[in-house]
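The values are calculated or read from the model by the stated rules, or taken from the named source; none is laboratory data. The model shown is predicted, which means the values in this text are computed figures rather than measured ones. Cβ placement follows ideal geometry from the backbone for every residue including glycine, while neighbour counts extend to all protein chains displayed. Surface areas here come from the heavy atoms of the whole protein model, side chains and all, with no ligands, DNA or RNA. Shrake-Rupley method; radii C 1.70, N 1.55, O 1.52, S 1.80 Å.
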Amino acid sequence: MHHEIHPSASPAAIELHNHIKDALISSFGDDITGSQIDYDFPVFSVAKNRIHDVLEFLKNHNDLGFTFLTTMCGVHYPGNAGQEFALVYQLHNMEKNYRVRIKTFMADKDLNVPTATDLWLGANWMEREAFDFYGFRFTGHPDLRRILNMDEMNYHPLRKEYALEDAGRDDKEDKYFGR
Amino acid sequence: MRAVTIKKINISDDKIMKGTSGNIGQTFATASQVTEQKDYSILNLGPTHPATHGIFQNILTMDGEIIVKAEPTIGYIHRAFEKLAERRPYNQITPITDRLNYCSSPINNMGWHMTVEKLIGCEVPKRAQYLRVIIMELSRIADHIVCDTVIAVDTGAMTGFLYLFQWREKIYEIFEEICGARLTTNIGRIGGMERDFNEKAWSRIHAFLKEFPKALSEFDKLVTRNRIFMDRTINCGAISAENALAYSFTGPNLRAAGVDYDVRVMTPYSSYEEFDFTIPVGTNGDTYDRYMVRMEEMWQSMGIIEQAIKNMPDGKYHAEVPEFYLPPKEDVYSKMEALIYQFKIVMGETDVPKGEVYHAVEGGNGELGFYLISDGGRTPYRLHMRRPCFIYYQAYPSMIEGGMLSDAILTMSSMNVIAGELDA
């Protein structure tokens, strides 16, 4: 398992990270594929087929109690062969002020992910947004339609293959913008 | 005389005669049949409707004046901010954040600056943090003025709106003095403030602090205990705390439902831990509670600004981060280093460290979060904005279904849904 701790992580963050890690590893074992601390934020990677179970486990855990879904979004890593897409969930325990970020990576061939709308009503539009921009298929979602873009659109615009600039322009080459 | 009346009914409607003739069972059967075959009417509210204060479309299925079903359509002013941010240097993303919740742009600006500062590990001087607090609380007041006065307008109270709205204008004059802009402010810089407040700005702030409480308490007297206003807003568009949490509500709308979550207290930033203020909460989560929470927050913000002025530390108003903070103009013309940094910043050639950060501020509508992934380039690899409006507006149908159309308008204005933040 990949494990990494950011140098600026505080002792409290490391303690919380270890606490969540122990709970997750004891229940899910090898399905937890990575753990790290990004600037005081505990981050865990989870195998895609267990993502719903992990979210449910964290939500209903007696002590951790991540009952609040802060936000959720997709990320595209075209160079990351076999794991081109990532979904990122951020959960919050408001009483104890614990936060955690859960990631799951998947190949571009299979973008089916179990929905989290049965855990949080608020996941509905967040998942529609992730579908709209990246094309994730949330199985079990009650109403998976585009949300911000028009229904007729036939691509998912936040994917990296769609350049922002007009292809006919040559005065804005990527190398001038650090990409 | 009486006999004539009965005869009239008999002629005009023989169904009534059947009903009164004693066959009760048949009458009930007819009534239930009518209910099943009831025709609903479809009302297209929006996208541009004078009562919705923004570009929102709701297709309402109406049973008379009762809303049976509501289906919102959003995205009318979608500008792909998250995509745009992937091609812009960090300092050029600030103007994008202006256009999220444009009623309180400075809070968005500061939230973005603090996100980048967290990524590059920059410690902002105390004075800059206090100056930021003043600006953020002024914009919170401006944001809440918009929301609360518009609730009053939607209940028919135009006077209060016109009376208090001019104070938003005074706040904009303060912003104008600090940064030169009024609405889309682009205020502050990565590392601090672009300049210290000048004399005129301070005198405007002092004048505001002196005169605004009088206006606010007059508005309060005019509206808060007004019988018509209370009848219209109490129990209108209510949401329970459980539902609000399930829908990921934050900010005044969550606090109105009784949950005391405020980012300023939970995860203090910009020295908020040094200020003494109260988080008001409601009980019912209805329009009246949302109004009341915002009213009280304005008073609390006034207190925070007064504390910030009283305890204002001396010192610099920006950190020493030459890669991100433009050097003084005279140095650019006379020093090599300054010229190089000026060029690199203006041309967007500053590399940032690799990393992932999430930073949240308490915006006018709740937790405004920036989730930034940097792969070490000059632009973000991915920037996701947690926009409170987008997240809580999805609860709108469940809050208005079963209520009257006029209550739906009030519910929307009391949730303070801002199209810019909703559609991003």
| Comparing A:A12, A:A23, A:A130, which has the greatest mean-square fluctuation in the GNM of chain A with Cα pairs linked when under 10 Å apart? | A:A12
| Of B:K126/B:K310; B:K210/B:K310; A:K21/B:K354; B:K170/B:K200, those spanning more than 19 Å from alpha-carbon to alpha-carbon | A:K21/B:K354
| request: Take every DSSP beta bridge with both residues inside the protein assembly as shown and express the antiparallel ones as a percent of the total, to the nearest 5. | output: 85
| message | On a straight-distance basis, which aspartates and glutamates could pair with B:K344 in a cross-link, Cα separation under 12 angstrom, same-chain partners fewer than 8 positions away excluded? | response | B:E323
| query | To the nearest 10 degrees, how steep is helix A:51-60 against the longest Cα principal axis of chain A, on a 0 to 90 scale? | reply | 40
| remark: Expressed in square angstrom to the nearest 10, the accessible area of B:S374 with a 1.4 Å probe stands at 10
| Sum of -39500 (n - 2.57) over DSSP H runs of 4+, divided by residues of chain B (222 nm, nearest 500) | -16000 deg cm²/dmol
| In degrees from 0 to 90, rounded to the nearest 10, what is the angle of the helix A:123-134 Cα long axis to the longest principal axis of chain A? | 40
| Peptide A:73-83: average number of partner chain Cβ atoms within 10 Å per residue? | 2
| remark: Heavy-atom accessible surface buried between A and B, both sides counted, 1.4 angstrom probe, nearest 100 Å², is 4200
| Can you put B:I418, B:I340 in order of accessible area, largest first, using a 1.4 Å probe? | B:I340, B:I418
| task | Please pull out the direction-averaged projected area of segment B:73-423, using the convex hull of its alpha-carbon atoms, in nm² to one decimal place. | result | 17.2
| Kirkwood Rh and Cα Rg combined as Rg over Rh, evaluated for segment B:41-134 | 1.19
| task | Send over a whole-number figure in Å² for the accessible area per residue of chain B, probe 1.4 Å. | result | 42
| remark: Of every hundred units of 1.4 Å-probe accessible area on the protein assembly as shown, the number belonging to carbon and sulfur atoms, as a percent, is 53
| What's the average, rounded to a whole number, of partner chain beta-carbon atoms within 10 Å of each residue's beta-carbon in B:373-384? | 4
| query | Residue by residue, what Karplus-based ³J(HN,Hα) values in Hz, rounded to whole numbers, does segment A:74-84 have, using 6.51, -1.76 and 1.60 with θ = phi - 60° and x for Gly and Pro? | reply | x, 9, 10, 10, x, x, 8, 4, x, 9, 6
| field | Accessible area of B:F197 in the full protein assembly, 1.4 Å probe (Å², nearest 10) | value | 10
| said: Using amide H atoms built in the peptide plane, which far-off residues or other-chain residues are under 5 Å from A:G34 H to H? | reply: A:S45
| note | Heavy-atom accessible area with a 1.4 angstrom probe orders A:Y162, B:Y381, most exposed first, as A:Y162, B:Y381
| query | Sequence-distant or interchain residues sharing an amide H contact under 5 Å with B:G363, placed H: which? | reply | B:L368
| How much of B:D39 can a 1.4 Å solvent probe reach, expressed as accessible area in Å² and rounded to 10? | 140
| request: Rank these by accessible area, largest first, 1.4 Å probe: B:M347, B:M266. | output: B:M347, B:M266
| remark: Residue-normalised 222 nm signal for chain A, counting each DSSP H run of n ≥ 4 as -39,500 (n - 2.57), nearest 500 deg cm²/dmol, is -7000 deg cm²/dmol
| remark: For the protein assembly as shown, the dipole about the Cα centre with charges only on Cβ (Lys and Arg +1, Asp and Glu -1), to the nearest 20 debye, works out at 1120
| task | Return, for the Cα atoms of segment B:154-254, the radius of gyration and Dmax in Å, separated by a comma. | result | 18.5, 49
